[in-house]
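Quick notes on the structure that follows.
The values are calculated or read from the model by the stated rules, or taken from the named source; none is laboratory data. Model, not experiment: these values are computed from the prediction. Glycine also receives a Cβ, built like all others from the backbone with ideal geometry; neighbour counts cover every protein chain displayed. Surface accessibility is based on the protein's heavy atoms, side chains included, excluding ligands, DNA and RNA. Shrake-Rupley method; radii C 1.70, N 1.55, O 1.52, S 1.80 Å.
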Amino acid sequence: MTGDVGGLVKVPGGGERIVLMNAIPGTTRFVATIDQGPKVLLEIVDRLGNVTDRLTFPACNCRAETSRDALWVSQAGASAGQAIIRIAMDPESGRFAAKQDTLFSGVFTNFAVSADGTKFVLDDGSTDSKIQAMPIADMFAGKFAGAPVISSSSNLTTMISPDGNRILKRQVIPNGHGSSTIRLTVVPFAGGQEAVGHHAGHRTADRA
């Protein structure tokens, strides 16, 4: 597809919504991902709306990339992290291959594939969060220098106390078993020793 305006294309198949539309490089076809509740429907469609092939895939919060020869889909794994599934395609006939290959399994937030399908890149899924605390007057003056009050390699959120003297830190810590622990601590606004609170329970990991 070139990106030129070419009219409307009707995507058949039914379902709640079209989740993704991925153009197949070097062709006039695209792959439509259609939400059908407990599963998603993957369809290869040409610019005239003709479906050349379709298959169903387990329902997931999917991200997909297309190369000329394959569809690459991220799928939630049994534990923390995701798998990247490669579904081969024939660019001439516009049909999926029967075989699906798991090329990677682990924690990541984004990935990309070259148009010819020979090169692949993904991040390591890590986070680097820093919380800075300062008077409003310093913010208006553009003074953001100095060491952060809080640093973390996992997701965190903060709230300030009504008197402005303390910061409540809510940190999500993966436990390595497909879920996470929420840890609460209190930090002085000016910085200093954290007062450890208690674990607020567990929840299902939300990277999947």
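Among the residues in segment 137-151, are any in a loop (DSSP other than H, G, I, E, B), of a type outside the set (Gly, Ala, Ser), open to solvent by less than 90 Å² (accessible area, probe 1.4 Å) and modelled with pLDDT under 75?
Looking through segment 137-151, at least one residue is in a loop (DSSP other than H, G, I, E, B), of a type outside the set (Gly, Ala, Ser), open to solvent by less than 90 Å² (accessible area, probe 1.4 Å) and modelled with pLDDT under 75.
When segment 101-111 is filtered for residues that are of a type in the set (S, T, N, Q) and surrounded by 14 or more Cβ atoms within 10 Å (Cβ to Cβ), the ones remaining, listed by number, are SER105, THR109. Of the residues making up segment 112-136, those that are modelled with pLDDT of 85 or more and either basic (Lys, Arg) or open to solvent by less than 30 Å² (accessible area, probe 1.4 Å) (or both) number 3. Looking at segment 167-190, is at least one residue at negative phi, surrounded by fewer than 12 Cβ atoms within 10 Å (Cβ to Cβ) and at pLDDT 70 or above? Among the residues of segment 167-190, at least one is at negative phi, surrounded by fewer than 12 Cβ atoms within 10 Å (Cβ to Cβ) and at pLDDT 70 or above, which makes the answer yes. Checking each residue in segment 88-100 for being part of a strand (DSSP E or B) and open to solvent by less than 50 Å² (accessible area, probe 1.4 Å) picks out ALA88, MET89, PHE96, ALA97. Of all the listed residues (VAL5, VAL51), the sole one being over 25 Å from ALA112 (Cα atoms), at pLDDT 85 or above and hydrophobic (A, V, I, L, M, F, W, C) is VAL51. So in segment 12-26, with the set limited to residues that are touching a Phe, Trp or Tyr at 6+ places or on another chain (Cβ under 7 Å) and assigned to a strand (DSSP E or B), which one is least open to solvent (accessible area, probe 1.4 Å)? Among them, the one singled out is ASN22.
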